[in-house]
Each structure stands twice: as structure tokens, then as C-alpha cells.
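A quick write-up on the structure given underneath.
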Amino acid sequence: MCEEAVGEQELEWEQGRKRARWTLLWLFALLLGVMGLPVSGSDFQHHRYEDMVQALLAVQNECPYITRIYSIGRSVNGRHLYVLEFSDNPGIHEALEPEFKYVGNMHGNEVLGRELLIKFSQFLCEEYRAGNQRIMRLIHDTRIHILPSMNPDGYEVAARQGPELNGYLVGRGNAREIDLNRNFPDLNALMYYYEKNNGRNHHLPLPDNWEHQVEPETLAVIKWMQNYNFVLSANLHGGAVVANYPFDKSRDPRIRGRTMYSATPDDKIFRQLARTYSYAHGWMHKGWNCGDYFNEGITNGASWYSLSRGMQDFNYLYTNCFEITLELSCDKFPPESSLPREWLGNREALVSYLEQVHHGLKGMVYDENNNPISKAEISVAGINHDVTSGNDGDYFRLLLPGTYTVKASAPGYHPSTSTVTVGPAEAIQLHFYLKKAPKQSHKMKPHHGKKNLSSHKNPLKLGPR
């Protein structure tokens, strides 16, 4: 019995030593995560297409239960447009959980956004594993989609020249040398017409045969927008340092040589979103960057210069999504040696901006039997831009703190109106229950302005955006 007891004690000691070794290995791995070191490769480097894919796969392998990689389509040259999703339930939309997206490298030679989003993906994974409560809460409460490169073909053209020799336009466009930020259907012209004629103020109709008028990369992103009810987004560019918000296109194209501020109905919230990034950024808010001055580091797009058929205006006019454009570096293709400084300058801003998706108002729209109603319109008195509920009946309305009168309406139902006070913290929940309306025979209103807008020429101005 004594020998058996000694043997058992030795076994327990051996198991204890093994547990200690595993604990040390786990603590070492945890320390790597806290320090922000990725599992593979150098910490800061430029990623060619294959390297980028491997980096995304490494993140997915390191955090398999909170990530998913999927493709939204292919480029002209057949490269996948890969998205890395972060969520506590990857691949599933959870009611009342907002959808957020970051898009990088729309212009192939503007590469910092691509590298920041790869690094940001690694950061989210590592900080989640390290138990960072702020990051864990974001991933549990948000469905985050990261598209590091919208234009992988253009990047490869630019990368062949490298940082030292890269020209201002080499690799900017896709493989057909089309500028993707001048390639979306022009809904601004229709919106400005509707403003004068009391027409529709959201989810404007696309022109006939629009699929044949855009590039494959643009088509993939539009289909992506159709499949996910995005609430907030940012598009990462380079060539300046400023947070740019809609509208990009001037309301009066006849004015030549002058810039005109072109405000959306949500101008106040857009300005606040831009300020959020600018003031959380290391130096954007200081104003003087790249030889230009932007007060508070923000600008209205059209006030800077007018741009037609851009992505951020399209987001606002065709979907529920509010998007701004982030110009992040004077140098479009910065050297690798500058990447650590750029990461430190943008890290907090990327997190803070993402957190803005949880402000304002959100809720469900139900019928009398608690069945969700999709495509219900949510109107806020005094703001001439509505949003709609998603397939699960949930809606999200970004708003600044204040008291608002909000109306929900849907075809075949009586509208419902409530007054609500929105605070500065988490989004206030406001649910609507709509009662069936008696059936009436009425004529359908014709859609005005659903015309082919492809005849609008792209502007010659080729600034950072």
C-alpha cells in the first residue's frame, strides 16, 4: 500500500509538472497576444495577394470560433475578394446586432488601408484571446466584416513598382484601368431631383441594366451590400490625411472652379462620425497634413472637390449604411519602415469608429401577432432620410443625443409613432407593433427618375478619393 501511495504521489507530481509546462506555454502565447504579435510572418510588411490570403487564413486558424472567411466575388483577373468576418456567431445575423464593414485598397496603389486592416484583424483576434473586455464586447455585440482589398489586381500592378518608384496613378484602377470610386451608379443626380420634387429619400432605384455598366469588383460590392444590412462603414484611402463625409458630389455641377458644401440630411451625425476617427487618430485632428489644412481633420466631400459615382454616396442613397472615406497617409504606397507608426496612429481610431455603430436607436418592427416585418420604413421627424428594417424585422438608426419623434410604417399596416430620447451611450431600443390596415384598392405610384444614368461622364479630377 505504501509503495502504491508513493507511486500515485509521483504520478500526481508528474501530472502537475505537465500542467505547469502547459500553463507556461499558454501564458507565453497569451503574452504574444497582448504584445500584438501575429502567429506568422513579420509584424509589419507589405502583403502581396497570396501573402494577404495567408495572413487572413492565419487569423481564422488562430480564432476559429469567432471568425469566418468568405468571398464576395472575383476581380477582373479572377482574384477572390476575400472578407474576414468577426462575430460570436460567424455566418449568422443576430437580430438587433448591427453589421459593420471596413473596406480597404479600393485604389490599388493606396495600400496603407490594406495593411492596417490585415493588422487590425490580427489585433482583434489576439486581443479577444487575451481577454480584452472592450474587444470581446465589440465582437459579441457586432458583426464585423473586413475587406482588406477591393482592388487586388490594381495592387499587384502598384506593388511591382514598389514604394520607391510608385507613380500617382500606377495601379490606381483595376485591371482595365477603371477607377472603382467613379464606377457606382450615380444616384446623387436622382436624389437631388427628388429633393426638389418631394420624392423618395432613401433606397433609390438603380438604373436599368446597371449590372452591365459596372466593373466586376463594383458589382461584387453592390451585391454584398444587398445581402447584408450594413449600418456603418468606412472606406480606407491614401494620398491625404482627413476624414471625408458625404455628399461627395456637388448639388450644382454647373459651378466650375468652385467647391460647394453638399450636406446630407444626416450632416450632423456624419460630422460627428468623421470627428470620432479624426480625434482618435494620432495626428489627423491637427489639421495640417500633406501640405493641406482641414479644420479638425474632417471635410465634406463636395466641399473638397466634387466626385461623381463614388462608393460612400452610393451606400447612403441605396442602403441603410452610413459610410465615410478615410484618407490615411500622404504617401499612397508608404515604405514598410513607416507601417509601425501608421498602425499606432490608427489603432485606437479604428476601434473607436467601429464602436459608433452602437449609438442612436434600434429595435424591432412586429405585426399584431409578433411576426417581424421586413422593409418597414423608419422615419425621424426633421431628418429627410429614412431607413428600413431588415429581413428579421430589426432596424438601426444612427442619431446624435436628443429627443426625436420616430414613425414606423409598412404597406398594409397603420403607421405607429413614438417619441424617444436618445442618450450618448448605447443605442436606445424602441420596438414598434403595427396593426393591419383595411385593404383598399389604390393605384401604384409610378417611379420617377428610374432612368439610365450611365451617360454621366466620370469627372477628370483624380484626387485621393
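The values are calculated or read from the model by the stated rules, or taken from the named source; none is laboratory data. Note that the structure is predicted; figures quoted are calculated from it, not measured. Cβ placement follows ideal geometry from the backbone for every residue including glycine, while neighbour counts extend to all protein chains displayed. To get the accessible areas, we keep the full protein, side chains included, count just its heavy atoms, and leave off ligands, DNA and RNA. Shrake-Rupley method; radii C 1.70, N 1.55, O 1.52, S 1.80 Å.
Against the condition in contact (Cβ under 8 Å) with a residue 60 or more places away in the chain, of a type outside the set (Asp, Glu) and open to solvent by 30 Å² or more (accessible area, probe 1.4 Å), how does ASN89 come out, does it pass? It would help to see each step written out before you state the result.
Working: in contact (Cβ under 8 Å) with a residue 60 or more places away in the chain: no; of a type outside the set (Asp, Glu): yes; open to solvent by 30 Å² or more (accessible area, probe 1.4 Å): yes.
Considered against the rule, which asks whether it is in contact (Cβ under 8 Å) with a residue 60 or more places away in the chain, of a type outside the set (Asp, Glu) and open to solvent by 30 Å² or more (accessible area, probe 1.4 Å), ASN89 comes out as no.
Please verify whether the stretch 348-362 includes one or more residues that are open to solvent by less than 50 Å² (accessible area, probe 1.4 Å) and modelled with pLDDT under 95.
The answer is no; no qualifying residue exists.
Looking at (1) more than 23 Å from TRP210 (Cβ to Cβ); (2) open to solvent by 40 Å² or more (accessible area, probe 1.4 Å); (3) in contact (Cβ under 8 Å) with a residue 24 or more places away in the chain, find the lone condition where LYS375 falls short.
Status for LYS375: all satisfied but (1).
When the residues of the stretch 50-80 are narrowed to those that are part of a helix (DSSP H, G or I), of a type outside the set (Val, Ile, Thr) and open to solvent by less than 30 Å² (accessible area, probe 1.4 Å), which ends up farthest from ASN174 (Cα to Cα)? Outline the logic, then answer.
Of the residues in the stretch 50-80, the ones part of a helix (DSSP H, G or I) are 50-62.
Of the ones still in play, those that are also of a type outside the set (Val, Ile, Thr) are 50-52, 54-58, 60-62.
Next, only the ones that are open to solvent by less than 30 Å² (accessible area, probe 1.4 Å) stay: 52, 55-56, 58.
On the way: MET52: 18, ALA55: 23, LEU56: 22, ALA58: 27 Å.
Looking at residues that are part of a helix (DSSP H, G or I), of a type outside the set (Val, Ile, Thr) and open to solvent by less than 30 Å² (accessible area, probe 1.4 Å), I get ALA58.
With respect to the numbered conditions (1) in a helix (DSSP H, G or I); (2) acidic (Asp, Glu); (3) touching a His at 6+ places or on another chain (Cβ under 6 Å), which one is the sole condition not fulfilled by ASP186?
(1)
Which of (1) modelled with pLDDT under 90; (2) touching a Phe, Trp or Tyr at 6+ places or on another chain (Cβ under 8 Å) is the odd one out, the single condition SER416 does not satisfy?
So SER416 meets the others, but not (1).
Residues are listed down the side, and each one gets a yes or a no for (1) farther than 27 Å from TYR194 by Cβ; (2) out of contact with any Pro (no Cβ under 6 Å at 6 or more places or on another chain); (3) in a loop (DSSP other than H, G, I, E, B):
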residue	(1), (2), (3)
SER338	yes, yes, no
TRP343	yes, yes, no
ASN346	yes, yes, no
ALA349	yes, yes, no
SER352	yes, yes, no
VAL357	yes, no, no
ASN369	yes, yes, yes
LEU400	no, yes, yes
THR405	no, yes, no
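Taking the stretch 286-317 as the region of interest, how many residues are open to solvent by 30 Å² or more (accessible area, probe 1.4 Å), not in a helix (DSSP H, G or I) and not aromatic (Phe, Trp, Tyr)?
Total meeting the criteria: 4.
Give the stretch 318-336 a look and list any residue that's of a type in the set (A, V, I, L, M, F, W, C) and either open to solvent by less than 10 Å² (accessible area, probe 1.4 Å) or free of Cβ contacts under 8 Å to residues at least 24 places away in the same chain (or both), or say none.
In the first step, residues of the stretch 318-336 are kept if they are of a type in the set (A, V, I, L, M, F, W, C); the result is 321-322, 324, 326, 328, 330, 333.
Passing the criteria: CYS321, PHE322, ILE324, LEU326, LEU328, PHE333.
Could you say which residue among PRO246, PRO265 is in contact (Cβ under 8 Å) with a residue 12 or more places away in the chain and open to solvent by 10 Å² or more (accessible area, probe 1.4 Å)?
On the way: PRO246 fails: open to solvent by 10 Å² or more (accessible area, probe 1.4 Å).
Testing whether each residue is in contact (Cβ under 8 Å) with a residue 12 or more places away in the chain and open to solvent by 10 Å² or more (accessible area, probe 1.4 Å) leaves just PRO265.
Tell me which residues, restricted to the stretch 94-112, are within 16 Å of ASN174 (Cβ to Cβ) and part of a loop (DSSP other than H, G, I, E, B).
To start, the set of residues in the stretch 94-112 that are within 16 Å of ASN174 (Cβ to Cβ) comprises 103-111.
Once the filter is applied, which keeps residues that are within 16 Å of ASN174 (Cβ to Cβ) and part of a loop (DSSP other than H, G, I, E, B), the stretch 94-112 yields ASN105, MET106, HIS107, GLY108, ASN109, GLU110, VAL111.
State all residues of the stretch 192-238 that are within 24 Å of ASP394 (Cβ to Cβ), not in a loop (DSSP other than H, G, I, E, B) and not aliphatic (A, V, I, L, M); if no residue qualifies, say none.
Scanning the stretch 192-238 gives LYS223, TRP224, GLN226, ASN227, PHE230, SER233.
So, VAL83, is that one open to solvent by less than 40 Å² (accessible area, probe 1.4 Å), closer than 18 Å to ASP153 by Cβ, modelled with pLDDT of 95 or more and β-branched (Val, Ile, Thr) or not?
Working: open to solvent by less than 40 Å² (accessible area, probe 1.4 Å): yes; closer than 18 Å to ASP153 by Cβ: yes; modelled with pLDDT of 95 or more: yes; β-branched (Val, Ile, Thr): yes.
It is true that VAL83 is open to solvent by less than 40 Å² (accessible area, probe 1.4 Å), closer than 18 Å to ASP153 by Cβ, modelled with pLDDT of 95 or more and β-branched (Val, Ile, Thr).
Only one of (1) open to solvent by 20 Å² or more (accessible area, probe 1.4 Å); (2) more than 30 Å from SER374 (Cα to Cα); (3) modelled with pLDDT of 95 or more is not met by PRO253, so which one is it?
Only one criterion is unmet by PRO253, namely (3).
State all residues of the stretch 132-171 that are under 30 Å from ASP394 (Cα atoms) and either out of contact with any strand residue (DSSP E or B) (no Cβ under 6 Å at 6 or more places or on another chain) or polar (S, T, N, Q) (or both); if no residue qualifies, say none. It would help to see each step written out before you state the result.
Initial filter on the stretch 132-171 (under 30 Å from ASP394 (Cα atoms)): 132-150.
Result: ASN132, GLN133, ARG134, ILE135, MET136, ARG137, LEU138, HIS140, ASP141, THR142, SER149.
Can we say GLU94 is modelled with pLDDT under 50 and open to solvent by 40 Å² or more (accessible area, probe 1.4 Å)?
no
In the stretch 58-79, what residues are in contact with a strand residue (DSSP E or B) (Cβ under 7 Å, 6 or more places away or on another chain) and free of Cβ contacts under 8 Å to residues at least 40 places away in the same chain? Step through it out loud before you land on a result.
Taking the stretch 58-79 and keeping what is in contact with a strand residue (DSSP E or B) (Cβ under 7 Å, 6 or more places away or on another chain), we get 59-60, 66-75.
Of everything in the stretch 58-79, those that are in contact with a strand residue (DSSP E or B) (Cβ under 7 Å, 6 or more places away or on another chain) and free of Cβ contacts under 8 Å to residues at least 40 places away in the same chain turn out to be GLN60, ARG68, ILE69, TYR70, SER71.
For LYS286, all conditions in the list (1) closer than 21 Å to ASN181 by Cβ; (2) in contact with a Gly (Cβ under 8 Å, 6 or more places away or on another chain); (3) of a type in the set (Lys, Arg) hold save one; what is the number of the exception?
It is condition (1) that LYS286 fails.
Confirm whether ALA410 is within 24 Å of the chain's Cα centre (by Cα), at pLDDT 90 or above, surrounded by 14 or more Cβ atoms within 10 Å (Cβ to Cβ) and among the small types (Gly, Ala, Ser).
On the way: within 24 Å of the chain's Cα centre (by Cα): no; at pLDDT 90 or above: yes; surrounded by 14 or more Cβ atoms within 10 Å (Cβ to Cβ): yes; among the small types (Gly, Ala, Ser): yes.
No, not satisfied.
If you go through the stretch 113-155 one residue at a time, how many are assigned to a helix (DSSP H, G or I), polar (S, T, N, Q) and either farther than 18 Å from GLN60 by Cβ or open to solvent by 10 Å² or more (accessible area, probe 1.4 Å) (or both)?
Start the filter on the stretch 113-155 by keeping residues that are assigned to a helix (DSSP H, G or I), which leaves 113-129, 133-141, 152-155.
With the extra rule that they be polar (S, T, N, Q), the set shrinks to 121-122, 133.
Going one step further and asking which of them are either farther than 18 Å from GLN60 by Cβ or open to solvent by 10 Å² or more (accessible area, probe 1.4 Å) (or both), we end up with 122, 133.
Residues that pass the stated criteria total 2.
Restricting attention to the stretch 385-398, which residues are touching a strand residue (DSSP E or B) at 6+ places or on another chain (Cβ under 8 Å), closer than 23 Å to LYS268 by Cα and in a strand (DSSP E or B)?
Residues satisfying the conditions are ASP386, VAL387, THR388, TYR395, PHE396, ARG397.
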